[in-house]
Structures are given as structure tokens and as C-alpha cells.
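Notes follow once the structure below has been shown.
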Ligand code: HEC
């Protein structure tokens with residue numbers, strides 16, 4: 001949207017100043033950048049450069065105007081016309097227009113007056129400074145070779161917990177921000193996983209390990225830019241005494257030698273816990289029009305209709321597919337026929353996955369039907385298709401296999 005009329009603009013942004021008011025960095029642009037960009041674009045962050053200062057932003061203004069107008073940045077895949085989330089990074093039309101207007105008007109800096117500018121940064125700093133109760137690190141650094149091949153590894157991380165522990169907040173810190181693509185943390189109480197330190201997903205042994213029932217297959221999932229996950233008041237995840245954590249880490253291809261030693265920070269519940277956070281999965285077994293085979297050169301759609309057997313308070317949603325995924329839509333139909341949109345992703349991108357935190361926990365009574373539709377593209381036209389010419393693909397953990405999941409945190 002291009003706005004040249006000052007009066008129209010001021011009514012759009014809802015400001016009550018003169019129509020000719022100038023958009024400035026300090027008053028108008030910095031709050032947008034601080035809220036939506038700086039969590040990744042800061043020194044040592046996941047973005048390729050910092051956007052913390054005026055000069056950082058000014059020198060890339062055109063590029064910023066472009067990536068925001070095309071909605072390439074900030075990365076946010078859930079369609080905001082369908083449902084909203086607490087950790088939403090989506091820019092509103094008026095925020096995008098403000099950036100455009102700032103560029104058109106000549107990138108004025110203005111005077112640093114607004115308190116709002118520091119608010120958010122203070123919030124982030126405060127959250128970072130809060131002390132974790134237990135910090136667990138990989139036993140030793142994992143060395144990535146310079147072979148340019150992506151790598152999937154399992155690491156065994158004992159908790160040493162002497163008693164059952166309730167965790168109200170989880171934070172994962174990638175040891176190598178450049179090459180760590182995503183990771184998933186699991187909990188094992190069998191004591192059988194010591195041997196898997198650095199086990200590769202391509203090792204035949206890992207297939208046996210993947211069949212082992214785990215106490216919690218999904219304590220936490222991390223992707224770049226994920227802020228720590230906190231559970232609602234008086235709810236928590238349980239980690240039993242003596243449990244082991246397993247880090248399942250996906251490393252991006254690296255053309256240089258590098259190492260990673262990642263850390264998880266656990267914050268224990270300080271209040272009595274009324275409800276345990278559990279994970280509920282929609283998975284490939286639930287598909288109504290299976291089998292889940294994505295034939296070469298086809299673009300199949302799969303459907304799930306799954307009735308929940310207990311009351312659920314949904315806290316978050318995590319959709320998951322691999323490279324052939326195109327789109328996914330999920331909604332809930334309650335026993336009294338209320339239709340609740342859960343999430344819709346119109347242009348799935350394996351590289352931008354997220355835990356979508358609900359603004360408030362959503363109550364779904366027993367008997368609610370969850371509907372899920374996902375479409376895949378296994379043609380050569382899919383630029384992310386890892387196999388060319390395409391071949392039939394079915395369920396599996398490797399990224400060249402496929403998945404169709406929606407994972408709920410709930411209590
Ligand atoms: C969740 C983390 C995250 C957030 C939030 C984020 N970025 Fe980025 N940004 C990245 C990463 C990672 C890259 C490099 C990978 C890429 O280009 O896809 C990137 C790349 C960019 C680029 C370069 C694009 C290119 O093609 O080289 C620009 C410009 C940019 N971001 C601006 C922004 C702006 C402006 C915002 C806020 C409105 C923002 N980003 C929010 C992570 C983020």
C-alpha cells in the first residue's frame with residue numbers, strides 16, 4: 001500500500017497530530033523495529049545483522065521497506081486473518097505503511113523522547129536476567145565437519161534431579177547460532193539412552209532408538225527466534241526424578257569446521273501446580289484418507305478428523321511438516337457445533353517453524369472434533385523439494401521423509 005495523502009495516513013495510524021506530521025525514527029519506526037525485529041537482529045542474534053541503532057536501520061532502510069512490505073520479515077507464518085497468538089510477530093498494515101512513509105519522507109531521526117522505545121528492551125533484558133533454577137549443557141561440544149551436509153544428532157543430557165520437578169518456563173540457548181537449525185527436547189525415564197551421545201539420525205541404531213517409548217516426546221521444541229516458553233499460572237511440565245533429557249538437534253550444512261554446545265535453562269514452578277502441561281499430537285496415524293504416501297509428481301491433501309476424549313485447555317500449537325509441506329489448516333468443532341479456528345499456514349516453510357502460544361488458554365470440551373487439512377507438493381516445481389527427480393515419500397524422521405503433525409501443549 002502506498003500512501004501519499006498525509007490526512008489519510010494520520011487517520012490510518014490513528015494519530016491525532018497535524019496531517020503533515022513527520023514520521024521519525026525515534027517516535028514511529030524504532031518502536032516497530034524493537035518490537036518485531038530486534039529479538040533476532042541484535043549482536044549475536046539469529047538475524048544476519050543488528051537493527052538496534054538508528055544507523056543500523058537507516059543504512060538498510062530501503063531493504064527493510066522491501067522485506068516488510070512483502071511480509072518476508074518478520075518471519076511469521078500463521079495467517080492473522082484466521083487466528084491470533086500471544087507471540088505474534090506480524091506487522092500490521094499501518095506499521096508497514098509507517099515504515100514506507102518514513103522512507104518517502106527522507107529517514108528523519110527525530111528526538112528520542114518516547115518511553116515506549118525502551119519499554120520493550122527493558123522487558124527483554126529483565127526476562128533474560130531472571131535466574132534459571134537448573135542449567136544443563138551438552139556433555140561436550142559437538143564438532144561439525146565442513147562437508148556441507150546437514151546433520152541430525154541425538155545427545156543424552158542427564159538432569160541429576162533427585163525429586164520430581166515442576167517446570168514453569170523453558171529456554172533453549174543454541175551453542176552455535178549460525179548452524180543450529182532447530183532442536184527438540186525429549187524426556188526419558190528408562191535409563192536406556194546413555195549411549196546416544198552424538199548419535200546420528202542416519203546411523204542404523206537410531207531407527208531402534210526412535211521406536212523407544214519416551215516419557216515425554218516433546219518437552220520443548222526450539223527454532224531460531226523462539227523466545228522462552230512460559231506456561232500459564234499454576235501449570236507446569238513434570239520432569240521426574242532421575243530423568244534424562246535428549247536433545248535432538250538439526251544442524252544446517254556447514255562449509256567450515258564449527259562446534260556446538262547447547263544449553264537448556266529450566267525455571268521451576270514457584271507456586272503450587274494445579275495442572276500438568278501435557279502434549280497432544282495429531283499424527284500421520286490419524287489421517288482419514290491414508291496411507292500417508294506422497295507420490296512423486298503429485299500434490300496430495302490429507303485430512304484428519306480426531307475427537308478428543310477428555311476436556312482440554314489448549315496453551316499452544318506447533319504445526320510440523322518437512323520440505324514438501326505447502327499449507328496446513330486446523331480448526332475445532334465443539335459438541336455444541338461452535339467452530340473455532342486454530343491455525344492456518346498458507347505458505348509453509350520448513351525453515352520458519354514456531355510454537356504458537358495462544359493469547360489465553362482455549363477450553364475444548366471432551367467430544368470436540370479437531371479437523372486438520374495439509375497439502376504437500378512433491379513435484380519438481382517445489383523449490384524446497386530435496387529430491388530431484390521427485391520420488392515417493394512417506395512418514396519418517398529424516399528431513400527427506402515427511403510428517404504431518406499438530407502438537408498441542410495443554411492441561
Ligand atoms: C525470528 C527471527 C527474526 C525476526 C523477528 C526478524 N528477522 Fe530479519 N532475518 C532473520 C534471519 C535468520 C535472516 C537471514 C535469513 C533470511 O534472509 O531468510 C533475516 C534476514 C533479514 C533481512 C535480509 C533479507 C535478505 O534477503 O538477505 C532483512 C532486511 C531483515 N531480516 C529485516 C528484518 C526486519 C525489518 C525485521 C522486523 C520487521 C526482521 N528482520 C525480523 C531473522 C529474523
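The values are calculated or read from the model by the stated rules, or taken from the named source; none is laboratory data. As the structure is a prediction and not an experimental result, all values here were calculated from the model. Here Cβ is always computed from backbone atoms with ideal geometry, including for glycine, and neighbour counts include all displayed protein chains.
Quick notes on this one:
Residues checked against (1) at pLDDT 95 or above; (2) more than 16 Å from the ligand (Cβ to nearest atom); (3) surrounded by fewer than 21 Cβ atoms within 10 Å (Cβ to Cβ):
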{"position": "304", "(1), (2), (3)": "yes, yes, no"}
{"position": "310", "(1), (2), (3)": "yes, yes, yes"}
{"position": "326", "(1), (2), (3)": "yes, yes, yes"}
{"position": "343", "(1), (2), (3)": "yes, yes, no"}
{"position": "353", "(1), (2), (3)": "no, no, no"}
{"position": "362", "(1), (2), (3)": "yes, yes, yes"}
{"position": "365", "(1), (2), (3)": "yes, yes, yes"}
{"position": "369", "(1), (2), (3)": "yes, yes, yes"}
{"position": "378", "(1), (2), (3)": "yes, yes, no"}
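- Where residue 367 falls short, out of the listed (1) within 20 Å of residue 294 (Cα to Cα); (2) in contact with a strand residue (DSSP E or B) (Cβ under 7 Å, 6 or more places away or on another chain); (3) in a loop (DSSP other than H, G, I, E, B): (1)
- Residue within the range 62-72 that is within 12 Å of the ligand (Cβ to nearest atom), surrounded by 19 or more Cβ atoms within 10 Å (Cβ to Cβ) and within 21 Å of residue 177 (Cα to Cα) present: no
- Qualifying residue in the range 381-394 (condition: closer than 24 Å to residue 89 by Cα and in contact with a strand residue (DSSP E or B) (Cβ under 8 Å, 6 or more places away or on another chain)): no
- Top-ranked residue of the range 78-103 - restricted to ones that are within 11 Å of the ligand (Cβ to nearest atom) and assigned to a helix (DSSP H, G or I), ranked as surrounded by the fewest Cβ atoms within 10 Å (Cβ to Cβ): 96
- Count - residues of the range 120-149 that are surrounded by 15 or more Cβ atoms within 10 Å (Cβ to Cβ), modelled with pLDDT under 95 and in a loop (DSSP other than H, G, I, E, B): 1
- Qualifying residue in the range 63-77 (condition: in contact with a strand residue (DSSP E or B) (Cβ under 8 Å, 6 or more places away or on another chain) and closer than 30 Å to residue 360 by Cβ): yes
- Residue in the range 20-35 that is at pLDDT below 95, closer than 25 Å to residue 352 by Cα, within 12 Å of the ligand (Cβ to nearest atom) and touching a strand residue (DSSP E or B) at 6+ places or on another chain (Cβ under 7 Å) present: no
- If you go through the range 36-60 and keep only what is modelled with pLDDT of 90 or more, within 10 Å of the ligand (Cβ to nearest atom) and part of a loop (DSSP other than H, G, I, E, B), you end up with 37, 38, 41, 49, 51, 60.
- Unmet requirement for residue 75, which otherwise passes all of (1) within 12 Å of the ligand (Cβ to nearest atom); (2) assigned to a helix (DSSP H, G or I): (2)
- Whenever a residue of the range 64-89 is over 18 Å from residue 327 (Cβ atoms) and outside the structural domain of residue 344 (by TED's automatic domain parsing), its partners that are part of a loop (DSSP other than H, G, I, E, B) and more than 7 Å from the ligand (Cβ to nearest atom), lying with C-beta atoms within less than 6 angstrom and at least six residues away or across chains, give the pairs 89/76.
- Number of residues in the range 46-91 that are over 28 Å from residue 174 (Cβ atoms) and touching a helix residue (DSSP H, G or I) at 6+ places or on another chain (Cβ under 9 Å): the value is 6.
- Qualifying residue in the range 372-385 (condition: over 24 Å from the mean Cα position of the chain (by Cα), free of Cβ contacts under 8 Å to residues at least 24 places away in the same chain and assigned to a loop (DSSP other than H, G, I, E, B)): yes
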